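A short worksheet on the structure shown next.
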Amino acid sequence: MKKNLSSLMFVLILTSFAASNIYAQRSNQNTSLVEIVKRLQQDPNNKKVQKSLVNFYNDAQQLHLQNINDLKFGNDNIYYEKILDEYAILQEMYNTINSVPVANQLVVATNYDAVIAKTKQQAAAENYNEGITFLTAAGRRNKTKAYNAFKTALKFEGNYKDCKLKMQEAWESSHLNVLINPIKDSTSIVENVYSVNGNNKRINESFQQYITTDLIEKYAGKYNATFYTQQNNADENIHSDYTVDITLINVDIPAPTISINSKDVTIQELSNGTAGYTTKYGTIDNEAETHTATGKIKVTITEISTGETISSTRLKIYCKWGARTSTSLGDRKTLISAGVDPAVIQETKYSVTDNEAILGLVYQKSYPDIQKIIADAISK
């Protein structure tokens, strides 16, 4: 893990032992080993700088070795990453000192290249062996675990054994065919606003196809999975691994809340050609409807071979939308002069009340959660 010398700043190290470092006490907390070495190059006979360099390296080395020792009981990938981070800092310290003869004469720095290589080998070996164990175990999810283990092994050691071939084998073995079943609807009739009947078939089929197409576009490259519907299965005879069942449960759409307000306007204008005034009238009636839809959507993902439920989640439905109509009587100019927005006069915004439109709103709001549930399940 290489770092540029210019970015090798040991703020935390200096903070830890500044009290014992005379040079650091006279510097700010951003002083780095690189800067100490540069100062030594400028003034090789400066005893304070020489002592500062020796103290700095010895204290920093002990600090990082202690950090490594504290981590030695770990055996997971985070452990190895932390260990390698510590060794990388120590190696950069060695490189910094070893590259400057005057510094190299004062400090016998330790080269950690061999230790780093050995640690990477150990991390790769543990992940490789774990991958072999998962690869020989039954079940698609074990193959996925094997793939991830081999992939991690290669992160530590780019050409470890036959890891790339094993990873490809695991990838092919872990491929997942996901069947998106037709949407089910268990909603009861509620106030005759929403009813369960064949009228919803078209929107349900459209949503089923939308889910399938969208998952293909977003996740086919990210996850080792193929998404399809029953129609695709009939055409291509695909063997399903997982099924996704989406069920509407008691979608309740009560009668809308309606509010009405009226505004009467009266103005007097000077009559043309006469000395008198003309009284003009205007009235605007605003009617607003507020609609809500509540219920649940159940998303169940099942592994066909075992019958195991991989995921079962109920999402709450809450959609709210509105509509308004405005009608006016009398003189339009009178209403405008009284501050009524011209766009509102004779405005009509129709309410969404038919089944398909309502379900469209429900699906639109719920889809991000449904998508996440499916993605989480297939990534296990």
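Conditions (1) under 29 Å from Lys372 (Cβ atoms); (2) of a type outside the set (Lys, Arg); (3) surrounded by 14 or more Cβ atoms within 10 Å (Cβ to Cβ), marked per residue:
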site	(1), (2), (3)
Asn286	no, yes, yes
Thr292	yes, yes, yes
Val299	yes, yes, yes
Gly307	yes, yes, no
Lys320	yes, no, no
Arg332	no, no, yes
Ser337	no, yes, yes
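Can you name every residue in region 230-247 that is modelled with pLDDT of 90 or more and out of contact with any Phe, Trp or Tyr (no Cβ under 9 Å at 6 or more places or on another chain)? Those that are modelled with pLDDT of 90 or more and out of contact with any Phe, Trp or Tyr (no Cβ under 9 Å at 6 or more places or on another chain): Tyr242, Thr243, Asp245, Thr247. Entry remark, region 135-191: residues being touching a residue at least 40 places away in the same chain (Cβ under 8 Å) and among the basic types (Lys, Arg) number 3 in total. Could you check how many residues of region 241-262 are among the β-branched types (Val, Ile, Thr), in a strand (DSSP E or B) and crowded, with 19+ Cβ neighbours inside 10 Å? Total meeting the criteria: 3.
Considering only region 122-172, state which residues are of a type in the set (Ser, Thr, Tyr), over 27 Å from the mean Cα position of the chain (by Cα) and surrounded by 16 or more Cβ atoms within 10 Å (Cβ to Cβ).
We begin by selecting, within region 122-172, every residue of a type in the set (Ser, Thr, Tyr); these are 128, 133, 136, 144, 147, 152, 160.
Going one step further and asking which of them are over 27 Å from the mean Cα position of the chain (by Cα), we end up with 128, 133, 136, 160.
If the condition is that a residue be of a type in the set (Ser, Thr, Tyr), over 27 Å from the mean Cα position of the chain (by Cα) and surrounded by 16 or more Cβ atoms within 10 Å (Cβ to Cβ), then Tyr128, Tyr160 are the ones that fit.
Scan region 42-67 for residues that are buried (at least 18 other Cβ atoms within 10 Å of the Cβ) and closer than 30 Å to Asn129 by Cβ and the total you get is 1. Residue selection: Tyr87 fails the criterion of being at pLDDT below 90, closer than 30 Å to Leu165 by Cβ and either outside the structural domain of Lys161 (by TED's automatic domain parsing) or not β-branched (Val, Ile, Thr) (or both). If you go through region 178-211 and keep only what is at pLDDT 75 or above, crowded, with 19+ Cβ neighbours inside 10 Å and out of contact with any helix residue (DSSP H, G or I) (no Cβ under 8 Å at 6 or more places or on another chain), you end up with just Gln208.
The values are calculated or read from the model by the stated rules, or taken from the named source; none is laboratory data. Everything quoted here is computed from the prediction, not taken from an experiment. So basically every Cβ, Gly included, is an ideal-geometry build from the backbone, and we count neighbours across all protein chains shown.
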